[in-house]
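Heads up: the structure comes next, in structure tokens.
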Amino acid sequence: MADGTSFYITTPIFYVNDAPHIGHAYTEVAADVLARWHRQAGDRTWFLTGTDEHGQKILRTATANGVTPKEWADKLVSESWYPLLDTIDISNDDFIRTTDVRHEQNVQLFLQRLYDAGFIYTGEFEGYYCVGCEEYKQESDLVQGTGEYVGQLVCAIHSKPVELLQESNYFFRMSDFAERLLALYEERPEFVQPESARNEVIQFVRQGLKDLSISRSTFDWGIKVPWDESHVVYVWFDALLNYITAAGYGSDEEAFAERWPATQIVGKDILRFHAVIWPAMLMAAGLEVPKRVFGHGWLLVGGEKMSKSKLTGIAPSEITDTFGSDAFRYYFMRAIAFGQDGSFSWEDLSARYQAELANGFGNLASRVLAMVTRYFDGVVPASGPAEPADVAIQETVARAAADADAAIERLAIQDALAAIWRIVDELNGYITEQEPWVLAKDEAKRERLGTVLATAVEGLRALSVLLHPFVPKATTKLWSALGAEAALGELGAQRIGDVGTWGQLPAGTSVAGLEPLFPRIEAVAE
């Protein structure tokens, strides 16, 4: 279990050039579940997300739309990225924008310190540049174009032609850090996860690192290089620094020391930036590297990575408008092994919603509370002597809480949810076997009826706490219906480590009626 230490978690900051799709939301929800769990475990938790707003792609898109880059970024953030957080119920503590003054000033501070320390020099550079990735590409990252791009080299990710650029830029001596990075991966095998991602990063670094071009002089939408304002900072070098500028680097060193280093959740397509370039930058600055960098897999639609440019993007609201935010959160955390690619389908979402959420959890909660209302006038009964079946439920709850906590620690979110769901399954089985509706017909078995329903109510209390990081809206409704807020306090303040302590909800607590947590859905979008 957690020990009250600091837990700082970040998503990547998302490029604002287009509206968010469910791939972005998937990352946000995963980080949010981890943040909510650690808060309930008693850790001093801080959760950061945000947007990346500089670079050539933003400049070109803004120009095409007849506005300034800042106006374009402001519009997208206010109309798309802020609303996303409400759509999927994200509990972030901060939202960083790379156009924030606090960020720009401290990027310049960081860069100046590296320059003064001799880690930055001037050089000539020629290479293939993908505007979509905002990245110079090695030839191994390019493929021959097809269709309208026959005869051209295209980015393997965006399938768009790359540009051959030649510039006089400032360079970061990244090649100096190859051996230190390899030593880091060896000494701390948990630094890059999952194992497949770690192996990929090690192989990449072993091939040798080149120095990194960190400025551009052919356009001006970016943070000015402090000693040479004819250059702006390379968008990735600027963006990576958000994780420390938001945490207090250069502005609040006490807060920075409390929060940093972070656990960082990223998509596997940007793993090299976070597991190679980013720690090298921190090493050069004499700062700690992150605790962990976890590269999760892609969401696939029709076998392809989620992409607006390829028309495979699905807006989160297309799902939440029908199924709700809790179902969105539950589905992506349960159906896809965190760290692996996973395919989204409307059919699978609908099936899991009905079988697991509506029939499994929602129906369990509704019928337990209905029986307390019917047989005990809406008051939680006292529990009599525990029989083996009752003790088995108590043991299931304690074991599930411990297993889920261990799974969260290793970032196996789907394993944590599966462990908790054992309580749902076993409580449903327990009620079927104990048949409280039969016990209610025999006054001599009223004490046993009270024990069965008290046990079921306690199981629902435990489920409310353990499932709260995953489905916060439904569990909050259930917590209220159980009368637990008045008896025990706010749901978010309940401690994961205390879940297995039995009998917390006092006998005599009044319960309320409960509308279906996951209402029946008649039609599903295809």
request  = Name the one entry in 415, 326 that is open to solvent by 40 Å² or more (accessible area, probe 1.4 Å) and either modelled with pLDDT of 95 or more or of a type in the set (Phe, Trp, Tyr) (or both).
outcome  = 415
message = For the range 107-165, give me each residue that is farther than 25 Å from residue 17 by Cα, in a strand (DSSP E or B) and charged (D, E, K, R).
response = 124, 126
ask   = Of these, 51, 45, which one is modelled with pLDDT of 95 or more and within 29 Å of residue 232 (Cβ to Cβ)?
value = 51
ask   = Would you pick out the residues in the range 164-191 that are open to solvent by 60 Å² or more (accessible area, probe 1.4 Å), touching a residue at least 12 places away in the same chain (Cβ under 8 Å) and farther than 19 Å from residue 234 by Cα?
value = 176, 180, 190
request  = Please indicate, with yes or no, whether at least one residue in the range 355-373 is assigned to a helix (DSSP H, G or I), more than 30 Å from residue 190 (Cβ to Cβ) and of a type in the set (Lys, Arg).
outcome  = yes
Matching residues in the range 478-511 - criterion: being among the aliphatic types (A, V, I, L, M) and exposed (fewer than 14 other Cβ atoms within 10 Å of the Cβ) = 486, 493
request  = Scan the range 23-32 for residues that are closer than 13 Å to residue 336 by Cβ and modelled with pLDDT of 95 or more and jot them down.
outcome  = 25, 26, 27, 29, 30
request  = Only residues that are open to solvent by less than 40 Å² (accessible area, probe 1.4 Å) and on the phi < 0 side of the Ramachandran plot: list them for the range 329-344, please.
outcome  = 329, 330, 331, 332, 333, 335, 336, 337, 338, 342, 344
Index of the failed condition, residue 270 passing every other in (1) of a type in the set (Val, Ile, Thr); (2) touching a helix residue (DSSP H, G or I) at 6+ places or on another chain (Cβ under 8 Å); (3) in a helix (DSSP H, G or I) = (2)
ask   = Which condition number does residue 110 fail, the rest of (1) touching a strand residue (DSSP E or B) at 6+ places or on another chain (Cβ under 9 Å); (2) of a type in the set (Phe, Trp, Tyr); (3) farther than 23 Å from residue 411 by Cα being met?
value = (1)
message = Suppose we filter 217, 251 for residues that are farther than 30 Å from residue 300 by Cα, at pLDDT below 95 and open to solvent by 40 Å² or more (accessible area, probe 1.4 Å); which single one remains?
response = 217
key: Sole exception among (1) modelled with pLDDT under 95; (2) crowded, with 24+ Cβ neighbours inside 10 Å; (3) under 17 Å from the mean Cα position of the chain (by Cα) for residue 16, by number   = (3)
ask   = Just a yes or no: is a residue in the range 375-383 out of contact with any Cys (no Cβ under 8 Å at 6 or more places or on another chain), at pLDDT below 95 and of a type in the set (A, V, I, L, M, F, W, C)?
value = no
note = Filtering the range 125-155 for residues that are surrounded by fewer than 13 Cβ atoms within 10 Å (Cβ to Cβ) and within 27 Å of residue 222 (Cα to Cα) leaves a count of 3
Exclusive hit being closer than 12 Å to residue 455 by Cα, assigned to a helix (DSSP H, G or I) and either under 18 Å from the mean Cα position of the chain (by Cα) or free of Cβ contacts under 8 Å to residues at least 40 places away in the same chain (or both), set 404, 392, 419 = 392
message = For the range 427-446, check the following and say yes or no: at least one residue is over 31 Å from the mean Cα position of the chain (by Cα), surrounded by fewer than 24 Cβ atoms within 10 Å (Cβ to Cβ), modelled with pLDDT of 95 or more and hydroxyl-bearing (Ser, Thr, Tyr).
response = yes
query = Among the listed residues 161, 194, 83, which satisfies the condition of being open to solvent by less than 70 Å² (accessible area, probe 1.4 Å) and free of Cβ contacts under 8 Å to residues at least 12 places away in the same chain?
reply = 83
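The values are calculated or read from the model by the stated rules, or taken from the named source; none is laboratory data. Keep in mind that what you see is a predicted model, and the values were worked out from it rather than measured. Heads up, the Cβs are rebuilt from the backbone with ideal geometry, glycines too, and the neighbour counts pull from every protein chain shown. For the accessible areas, the whole protein counts, side chains as well, though only heavy atoms, and no ligand, DNA or RNA atoms are used. Shrake-Rupley method; radii C 1.70, N 1.55, O 1.52, S 1.80 Å.
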